[in-house]
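The values are calculated or read from the model by the stated rules, or taken from the named source; none is laboratory data. Quantities reported herein were computed from a predicted structural model and do not represent experimental measurements. Note: ideal-geometry Cβ built from the backbone for every residue, glycine included; neighbour counts use all protein chains shown. The accessibility values were calculated without ligands, DNA or RNA, using every heavy atom of the protein model including side chains. Shrake-Rupley method; radii C 1.70, N 1.55, O 1.52, S 1.80 Å.
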Amino acid sequence: MLEIINLEKQFGGIKAVDNVNLAVEQNEIHAIIGPNGAGKTTLISQVAGELRPDGGQIRFRNEDVTFLRPAQRARRGLARSFQITSVMLPMTLLENVCMAVQGRMGHSFRFWQPTSRDTVLMESAMQALRTVGLEDRAENIAGEVSHGEHRQLEIAMALAMEPLLLLLDEPTAGMGPEESAELVSILQQIKGEKSILLIEHDMDAVFSLADTISVLVYGQIIASGTKDEIRANSEVQLAYLGETA
Amino acid sequence: MKDYLPSTLSGIAYTGVIILLAVMPVITSALGQGFYLDIFSRIMILSIAALSLNLLIGYGGMISLGHAAFLGIGAYCVGIPVYYEIYNGWIHLGLAIVASGIFALVTGAISLRTKGVYFIMITLAFAQMVYFTFVSLEEYGGDDGLVIVLRSEFGNWLDLESAVVLYYVIFFVLLLTLFFINKLVKARFGRVIVGSKYNERRMQSLGFDTYRYRLVCYVISGILCGIAGVFLGNFTSFISPEMMGWTRSGELIFMVVFGGTGTLFGPIMGAGIFILLEEWLSAITIYWQLIFGAILIAVVLFGRGGIHGLLTRSKRR
Ligand SMILES: Nc1ncnc2c1ncn2[C@@H]1O[C@H](COP(=O)(O)OP(=O)(O)OP(=O)(O)O)[C@@H](O)[C@H]1O
Ligand SMILES: [Mg+2]
């Protein structure tokens, strides 16, 4: 589904992504863990097309997408969520999700029919809100809901795109334990039906969701394997014990 | 979405304004104030221009400081054919649509590659280029402008030489523009334009090539303003490069901000109050622009959202 080959990204003196090779198989959840500043977000931004790689290649469904724009990649079935919530703040939650649905329904050069009377559009958007438990907040302005709800909205928008590959950048970041557990159960439901590249700090979430785990430290993949392999890997334990509390 | 639907108070005010505009010729003739018919014709023409600019500024977040160029292009699409004794109004209108559309497409394609203050500067630069082009066209009067001896002819049944007929034609075009923009901003296209104003990066990650949507929006806006220009040319019967100078573009921005950016009806209120104030204040004192500036500052500071903001604020806490 997704292949990352010898990917490089440098910021000034730092190699944020250093010769990374990685593959996400069809309907697999591939988690990336690693300490702060390891280059996880940089990696996802390159896959989504927001950052140009300094070297290497990104292949999606056997197509070289390394130089495609983010919008082009989105239309090919790549959706990302943002670690730092990035939505249209003055719009309602429903309108935000509508934008995501609109994005996948082909071009939006439609000048006449009001979106509010577009039942297919509205229903799909409501469905996505329902999935994350935000249906009661549909008419609230995105700028006025809680932080946790922002995070849920991020997920709803990514899901509403109905992507082939979902790129989730720390979806539980800033969520309380309850919301976090809820999100894990939502992802649990789509597990096996969707390919997901998941970045996550919450180890419980990672170990309950992932099929494959890769460990990124200082821009390099230091280990990659099944849960058990990763759990047993002494290098990973060292890196984790050394880098994070 | 709620922001764009008039709440009750503003809704009533706007309906009132439309009704007032509809019966204005009756009122002015009853009061023997034919002069005011002209004023309101001008208000409506500039309302159309301001509505089109609001599509860029208010809904799209694209602050253009060169919008008067389209007014000028539209007006010269009447003036130049008339100079060659081509009076057919449909030709004028067609020319204006094509010319302003092409100008918007070319300049928009370049300007929209930039953001923020650069976009402002580049739209200004393009407008100045048009301005100086017409200044240098000696054949069409250059600096001194061009007199339009006869107004556009749309057939025997529609005689624009009559001030009342011209008034109602403009009124009709204004209603059409209002209706069209209302449809546009609520349709998928408009939602993408508004979404891109709020968070362009996110819109791109949702699969929208925001540049293309903005370019189409820019062309639509330019054409609408070009059409307003056709009526401005007909109305003033005299056109000159001065009508597309950058201060004219600035005035259009005034009107949009005055009325309330990104609201459907705001630009009409803005244009109306702008021109009425200009009319009344300039009769009182030659320093009217000083008072005018102070009023604008007050509306922007305290009105927060212009006239529309004032009308809806009490409802919104
Ligand atoms: N736009 C940028 N310009 C310069 N340096 C950057 C930029 N973005 C990231 N970096 C640097 O690159 C490194 C990797 O950052 P990145 O955000 O990818 O880490 P991360 O693994 O996502 O961390 P976190 O767990 O905190 O989200 C960091 O040292 C960061 O300071
Ligand atoms: Mg990160």
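Taking Cα pairs under 8 Å and at least six residues apart, what relative contact order does the stretch B:35-252 come out at, in percent?
Working: 333 pairs, mean separation 99.6, N = 218.
Relative contact order here is 46 percent.
With a length cut of 18 Å (Cα positions projected on each helix's long axis) and a Kyte-Doolittle mean of at least 0.5, go through chain B and give me the DSSP H helices that pass.
Numbers: long enough: B:8-30 (32 Å, 1.82); B:34-54 (30 Å, 1.37); B:68-83 (22 Å, 1.66); B:89-111 (31 Å, 1.73); B:116-136 (31 Å, 1.68); B:163-186 (35 Å, 2.13); B:210-236 (38 Å, 1.10); B:246-259 (20 Å, 0.93); B:266-284 (27 Å, 1.38).
Both cut-offs are met by B:8-30, B:34-54, B:68-83, B:89-111, B:116-136, B:163-186, B:210-236, B:246-259, B:266-284.
For helix A:234-243, report the angle its Cα long axis makes with the longest principal axis of the Cα atoms of chain A; keep it between 0 and 90° and round to the nearest 10°.
70
At a probe of 1.4 Å, how much accessible area disappears from chains B and A on forming the pair, both sides counted, to the nearest 100 Å²?
Working: alone 15040 and 12010 Å², together 23930 Å².
The summed interface area works out to 3100 Å².
In Å and on Cα atoms, what radius of gyration and Dmax does the stretch A:85-162 show?
11.7, 36
In the stretch B:35-252, what percent of the accessible surface is made up of carbon and sulfur (1.4 Å probe, ligands and nucleic acids excluded)?
Working: 5430 of 8040 Å².
With neighbouring chains kept in place, the figure for the stretch B:35-252 is 68 percent.
So if I place +1 on the C-beta of Lys and Arg and -1 on the C-beta of Asp and Glu, and nothing else carries charge, what would the dipole magnitude of the protein assembly as shown be about its Cα centre? I want it in debye, nearest 20. Provide the component values of the computation, followed by the final result.
Details: 41 positive and 49 negative charges, 113 e Å.
I would put it at about 540 debye.
Restricting attention to the alpha-carbon atoms of the protein assembly as shown, what are Rg (one decimal) and Dmax (integer), both in Å?
28.4, 96
Which peptide among A:169-179, A:140-150 comes first, and what is the full order, when sorted by highest mean count of other Cβ atoms within 10 Å? Let's see the in-between values first.
Details: A:169-179: 18.2, A:140-150: 16.5.
The densest-packed peptide leads the list: A:169-179, A:140-150.
Using only helices, what value at 222 nm comes out for chain B when you add -39,500 (n - 2.57) per DSSP H run of length 4 or more and divide by the total residues, to the nearest 500 deg cm²/dmol? Provide the component values of the computation, followed by the final result.
Details: 13 runs with 224 residues, N = 317.
Calculated at 222 nm, the ellipticity per residue is -23500 deg cm²/dmol.
Assuming 0.890 mPa s and 25 °C, estimate D for the stretch B:94-158 with Stokes-Einstein, Rh taken as the Kirkwood radius over Cα pairs, in µm²/s. Don't jump to the answer; show the numbers that get you there.
Numbers: Rh = 14.3 Å.
In µm²/s, the coefficient is 171.
From zero outward in steps of 10 Å, how is the percent of C-alpha pairs of chain A spread across the bins?
7, 31, 36, 20, 5, 1, 0
For peptide A:72-79, what's the mean number of Cβ atoms from other chains within 10 Å of each residue's Cβ? Write out the running numbers ahead of the final one.
Details: counts 3, 3, 7, 4, 1, 1, 2, 3.
Partner-chain Cβ atoms within 10 Å, mean over residues of A:72-79: 3.
Where a ≥ b ≥ c are the square roots of the eigenvalues of the C-alpha gyration tensor, would you call the stretch B:65-182 rounded, which needs a/c under 1.5, or, failing that, prolate if a/b is larger than b/c, or oblate?
Details: a/c = 2.51, a/b = 1.40, b/c = 1.79.
Judged from the Cα gyration tensor, the stretch B:65-182 comes out oblate (a/c at least 1.5, b/c at or above a/b).
Report, for the protein assembly as shown, the % of DSSP beta bridges that are antiparallel, rounded to 5.
Details: 23 of 42 bridges.
Roughly 55 percent of the beta bridges in the protein assembly as shown run antiparallel, per DSSP.
Determine the share of chain A's accessible area contributed by carbon and sulfur atoms, expressed in whole percent, with a 1.4 angstrom probe. Please list the in-between numbers first.
Values: 5210 of 10490 Å².
C and S fraction of accessible area: 50 percent.
Counting other C-beta atoms within 10 Å, and keeping those with at most 10, which DSSP coil chymotrypsin sites (Phe, Trp or Tyr not before Pro) do you find in the stretch B:130-172?
Here the sparse-neighbourhood loop sites are B:Trp157.
Probe of 1.4 angstrom, ligands and nucleic acids ignored: what's the accessible area per residue over the protein assembly as shown, in square angstrom?
Here the residues of the protein assembly as shown average 43 Å² of exposed surface.
Would you mind checking the tilt of helix A:147-160 against the longest principal axis of the Cα atoms of chain A, expressed as 0 to 90 degrees and rounded to 10?
It works out to around 80 degrees.
What Kirkwood hydrodynamic radius do you get for chain B when you take the inverse of the mean 1/r over all pairs of distinct Cα atoms, in Å?
On the way: mean 1/r = 0.0502 Å⁻¹.
That comes to 19.9 Å for chain B.
Just in the stretch B:80-180: which GluC sites (Glu not before Pro) are loop by DSSP and have at most 15 other Cβ atoms within 10 Å? Present the calculation step by step, with values, prior to reporting the outcome.
Values: sites: B:Glu85, B:Glu138, B:Glu139, B:Glu153, B:Glu161; in loops: B:Glu85, B:Glu161.
Those satisfying the criteria are B:Glu85, B:Glu161.
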